[in-house]
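Okay, structure first, notes after.
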Amino acid sequence: MKEKFIRFAQWSQKNWLSIVTVLTLVESLFLCLVLISWLIGYYCNALLDTKFDLQSCLSGVTIIGASFISTIGLAGAGWVKRKEDVKEYAIRSKFNSIVGIEPSGEE
């Protein structure tokens, strides 16, 4: 089991951009589904006097928006270049370090 997890972790490190793309597409589909049901419920409430709870859809939109922010954070973390790849390095604070020079790690 440990070897399978290690292989999966190595695969995900190589294919992180594809994973982020698929996650974004799935989140977009969920967002469209929730927004369509919200729109149908809105018009059914107005035209047919139904009691569709619009607040539940708004909560769903908020949760999907939070997942978008998480996915963007993961993509940003994965987009940082490794020091063996290029001249630019991942640094803790881009405002306190010189561009192109590796931080020493000392505090």
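Which one is surrounded by the fewest Cβ atoms within 10 Å (Cβ to Cβ) among residues in the stretch 34-54 that are of a type in the set (D, E, K, R) and either in a helix (DSSP H, G or I) or touching a helix residue (DSSP H, G or I) at 6+ places or on another chain (Cβ under 9 Å) (or both)? Result: 51.
Restricting attention to the stretch 1-29, the residues that are at pLDDT 85 or above and surrounded by 12 or more Cβ atoms within 10 Å (Cβ to Cβ) total 1. Please tell me if residue 31 is within 30 Å of residue 18 (Cβ to Cβ), part of a helix (DSSP H, G or I), touching a residue at least 12 places away in the same chain (Cβ under 8 Å) and not basic (Lys, Arg). So residue 31 passes the test.
Here is a yes/no grid of residues against (1) more than 27 Å from residue 71 (Cβ to Cβ); (2) β-branched (Val, Ile, Thr); (3) under 18 Å from the mean Cα position of the chain (by Cα):
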{"site": "19", "(1), (2), (3)": "no, yes, yes"}
{"site": "30", "(1), (2), (3)": "no, no, yes"}
{"site": "42", "(1), (2), (3)": "yes, no, no"}
{"site": "50", "(1), (2), (3)": "yes, yes, no"}
{"site": "60", "(1), (2), (3)": "no, no, yes"}
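The values are calculated or read from the model by the stated rules, or taken from the named source; none is laboratory data. All values reported here derive from a predicted model rather than from experimental measurement. Don't worry about glycine lacking a Cβ; one is built from the backbone with ideal geometry, like all the others, and counts go over all protein chains shown.
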